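A.B. asks: Got a structure for you, questions after.
The numbers here are math on the coordinates, done by the rules we state, and not lab data. Because the structure is a prediction, the values reported are computed rather than measured.
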């Protein structure tokens, strides 16, 4: 589906990340995703990082991820929702390094562990979000292959975005 296309496009180092993320935001609009859902995903991601990093989750890591997620969200929503203009954000090199190293540590236990944790955090913070997914009626959701396949792609996409973080300067 759409996530597969994003992941494939991110494999190309010349990919226009802004265009890909804007397109991803447009597709999410069709799925019924609102601007407020981006806040839920951001909180779930931060919660997952806190749980995954433990003592390695520092104020510097939190600041880096907060700026990074704001930048991603701006790209995904600016052409797809009515938004108020806001100042440009530039994630500086030191913050990019914090993002990349903390992500590597957080996913250290494996894609299955971090993916399942992220999805649990999303559905805990916003139980209604489950209704936006095709797998909403799956038995044994967290042990089934449908969710595993989805979060595998999601974590893969996050990996690709983080690996291409230098291509996100246009916000």
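A.B. asks: Could you list log10 I(q)/I(0) for region 116-171 at q = 0.13, 0.21 Å⁻¹, which the Debye formula gives when each Cα is one point scatterer?
C.D. replies: -0.42, -0.82
A.B. asks: Pull out the extension gain between residue 43 and residue 135, defined as 0.36 nm times the separation in residues minus the alpha carbon to alpha carbon distance; nm, one decimal.
C.D. replies: 30.9 nm
A.B. asks: Using 0.36 nm per residue, how much length does the chain from residue 149 to residue 14 gain when fully extended, once their Cα-Cα distance is taken away?
C.D. replies: 45.9 nm
A.B. asks: Normalising by the residue count of region 2-167, find the relative contact order in percent from Cα pairs under 8 Å and 6+ residues apart.
C.D. replies: 35
A.B. asks: Just check region 20-171 against the gyration tensor rule for me: Cα atoms, a ≥ b ≥ c as the square roots of the eigenvalues, rounded for a/c under 1.5, and otherwise prolate or oblate depending on whether a/b exceeds b/c.
C.D. replies: oblate
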